1. Just to be sure I understand the filter: pairs with C-beta atoms under 7 Å, separated by 6 or more residues or on different chains, first member in region 162-189 and among the basic types (Lys, Arg), second member surrounded by fewer than 16 Cβ atoms within 10 Å (Cβ to Cβ) and in a strand (DSSP E or B). Which pairs pass?
2. When only residues in region 200-227 that are modelled with pLDDT under 95 and hydrophobic (A, V, I, L, M, F, W, C) count, which is farthest from the chain's Cα centre (by Cα)?
3. Does region 231-243 contain any residue that is of a type in the set (Ser, Thr, Tyr) and under 17 Å from the mean Cα position of the chain (by Cα)?
4. Please determine, by comparing only the residues of region 113-155 that are out of contact with any Phe, Trp or Tyr (no Cβ under 6 Å at 6 or more places or on another chain) and of a type in the set (S, T, N, Q), which one is nearest to PHE212 (Cα to Cα).
5. Would you check if there is a residue in region 286-298 being without any contact (Cβ under 8 Å) to a residue 60 or more places away in the chain, surrounded by fewer than 18 Cβ atoms within 10 Å (Cβ to Cβ), closer than 20 Å to VAL99 by Cα and out of contact with any helix residue (DSSP H, G or I) (no Cβ under 9 Å at 6 or more places or on another chain)?
6. Mind listing whichever residues of region 239-281 are touching a residue at least 60 places away in the same chain (Cβ under 8 Å), in contact with a Gly (Cβ under 9 Å, 6 or more places away or on another chain) and in a helix (DSSP H, G or I)?
7. Filter region 255-285 down to the residues that are surrounded by 13 or more Cβ atoms within 10 Å (Cβ to Cβ), over 14 Å from the mean Cα position of the chain (by Cα) and not aromatic (Phe, Trp, Tyr) and list them by number.
Amino acid sequence: MEAVEYLLKAAGHVGNLTNSKIEQIQGIMRRSRTLALNAAIESARAGTAGQGFSVVANEMKTISDEITGLASSLQGELKEQLEQLNHNASVATSELRKVRGERLADLAHNAVEIADRNLFERTCDVRWWATDPAVWECAADPHSKAKQEHASHRLGVILGSYTVYLDLWIADTNGKVISNGRPSRYSNVTGRDVSRTQWFQEAISTQDGTEFTVADISREPALDNAMTATYSTAIRAGGDTNGGVIGVLGIFFDWSSQAKDIVRGIRLSPEEWERTRCLLIDSKHRIIASSDGNGILSDHFPLDVSRGTQGHYTIDDQVLIGYALTPGYETYKGLGWYGVITQWEET
């Protein structure tokens, strides 16, 4: 791409330089013809004594006319060649921009696919941990202090192995949190009413232990206002897939840290990073991750998806945008998120 852009600039420079030099030549020739005309007039006045000078003046005019003709011919030929060169370079630029756009779309696809694979594991975790005896025994006897403490200890052990989580919560069927994995860090969690939250309401309504729910990326006040991806499922009697609902398990994925790694881990050269922004946006086009850290959870990106689930386009011939819709991963269908990469043209 850089070579074609250089070629276009060089062609424009050569064209301007050529026109400038030819105009200078034509200016000199106009002066020569004027001198020749003046010399012819003076030789005529001189009569027989000026005949030799008249011959020189006529020859100067002839040479001047020939040079002027050659300069005009050269200018015409160069103009035609430069126009063809510009046309070919423009076609090449268009093709290369297409290739670059497809590359950005592929990179956007890879980014959102990594997010999907990561989040797919969370769907497995929440369903698995809901069957842990310490979890369902706590939910089955929500007033037992001993079982709450045992569940908290067990959740803490899990958190020690899974560093991508901020906390794990057990709520009873009324939406009261009765145990969490990090009570020393988040002391205001136990006793919290989560009955009105999306993750609780949807989890309590799941049909069996194979189902789960996930809430939109949001900040959780009880977790120091951290950004979380919250996954949940119903806790069932005996940990059985078809057991009666006795509570809800909510797991809080540390979204900020993981999202930053995804959008900043896209393989771009240092030069490209200087003029590139990588994003993840949700189904409403709200920015949920950004390589420059701007607009997260506050701004929306005006993405044009008219080209389908994956594509690219250019804005004002200055900004190239590649995007891709979440492909999902195995049983995880995704949440309608997009990977987006914007790249400014070199100046």
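The values are calculated or read from the model by the stated rules, or taken from the named source; none is laboratory data. Given the structure is predicted, the values throughout are model-derived calculations rather than measurements. Note that each Cβ is placed from the backbone with ideal geometry, even for glycine, and that neighbours are counted across all protein chains shown.
1. LYS176/ASP193
2. PHE212
3. No, that holds for no residue.
4. THR131
5. No, that holds for no residue.
6. Passing the criteria: GLY239, ILE262, VAL263.
7. SER256, SER257, GLN258, SER283
Table: residues versus (1) more than 30 Å from ILE235 (Cβ to Cβ); (2) under 12 Å from the mean Cα position of the chain (by Cα).
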| residue | (1), (2) |
| --- | --- |
| ILE246 | no, no |
| GLY293 | yes, no |
| SER298 | yes, no |
| TYR332 | no, no |
| GLN343 | yes, yes |
